[in-house]
Amino acid sequence: MYIVDSHCHLYYEPYIDNLKKIIDECKYKNVKRLLSISVDYETSLKNINIVSEFDEVFCTIGLHPNKVVNEKYKLNKILDLYIPNKKILGIGEAGIDLYRSNDNLKDQIYCFEQQIEFCIDNKLPLVIHSRNAEKETINVLKNYAKKGLSFVLHCFSGTEKFAMECLNLNGYISFGGIITFNKSKVLSEICYKIPLDKILVETDSPYLSPSPYRGKTNHPENTFIIVKKIADIKNKTIEEISEKTTSNFNKLFKLTDL
């Protein structure tokens, strides 16, 4: 069974000029599908071009909360890029980020809600970014609890309470390189408690390289390292974790198997 990197950013250097090489390197580690996540209008356009060229790559379109300040006026333009397309799988990454400031919280919530409503109207899953904003994120999601929204909380590093609330709202939890860090014992304990049929794996490349590559540019092939770590946490085989996380990805994003 192959592995899926459910969250990477292939339009950045050093990938964009060497995508075939990157994809071939991924295949060597059994990573055979990649979801390249957009953060604004420009990256949405870049992703659409990338997925038209590479069968192994799929994408989302969307507006990241950290881009809201300068690009909220482009949100409708971003969403207008969507057409029913087997390569555009969802919307995101969208959400709330209060790590640096909450000065524009109102605008972040507005853009988050607009992307949620677009997902519901078009029966698309949402990729959520939430940083220092667990309460705010849950408060928004609860407003859509009975409207059929499906979503994944990407690169999870939050509390157990937050994780369980997201699961109760029809969400999935995606783990990345943080779970391999030496100081992530609590996160490993949370991962152990989350049902395997609700877990995805990712790299967030080029960010957040797992151990032992911290401080270096991340690579989508490192999804294998995340799978291995979760296998250790869950007392399962690498094959079992690969099979289940891939099945979860395909279910959430409505893809058939390879």
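Overview of values
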read-out	value
Within the range 5-28, tally of residues that are buried (at least 17 other Cβ atoms within 10 Å of the Cβ) and more than 11 Å from the chain's Cα centre (by Cα)	7
Residue check, K229 under 29 Å from K142 (Cβ atoms), of a type in the set (K, R) and modelled with pLDDT of 95 or more	no
Residue within the range 160-167 that is part of a loop (DSSP other than H, G, I, E, B) and either more than 15 Å from the chain's Cα centre (by Cα) or more than 20 Å from A133 (Cα to Cα) (or both) present	no
Residue in the range 201-209 that is farther than 24 Å from P125 by Cβ, surrounded by fewer than 16 Cβ atoms within 10 Å (Cβ to Cβ) and in contact with a helix residue (DSSP H, G or I) (Cβ under 7 Å, 6 or more places away or on another chain) present	no
Total residues in the range 105-141, condition part of a helix (DSSP H, G or I) and closer than 19 Å to L252 by Cα	9
Test: L89 is modelled with pLDDT of 95 or more, in a strand (DSSP E or B) and touching a Leu at 6+ places or on another chain (Cβ under 9 Å)	yes
Contacts under 6 angstrom Cβ, first residue in the range 148-164 being surrounded by fewer than 21 Cβ atoms within 10 Å (Cβ to Cβ), partner assigned to a loop (DSSP other than H, G, I, E, B), 6 or more apart	S150/P125; S150/N170
Some residue of the range 49-72 being touching a Phe, Trp or Tyr at 6+ places or on another chain (Cβ under 6 Å), assigned to a helix (DSSP H, G or I), in contact (Cβ under 8 Å) with a residue 60 or more places away in the chain and of a type outside the set (K, R)	no
Which numbered condition Y99 fails, given (1) surrounded by fewer than 23 Cβ atoms within 10 Å (Cβ to Cβ); (2) at pLDDT 95 or above	(2)
Residues being closer than 20 Å to G177 by Cβ and either of a type in the set (A, V, I, L, M) or without any contact (Cβ under 8 Å) to a residue 12 or more places away in the chain (or both) - total across the range 1-12	3
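The values are calculated or read from the model by the stated rules, or taken from the named source; none is laboratory data. From a predicted model like this one, the values you see are computed outputs, not experimental measurements. Cβ: placed from backbone, ideal geometry, glycine included. Neighbour counts: every protein chain shown.
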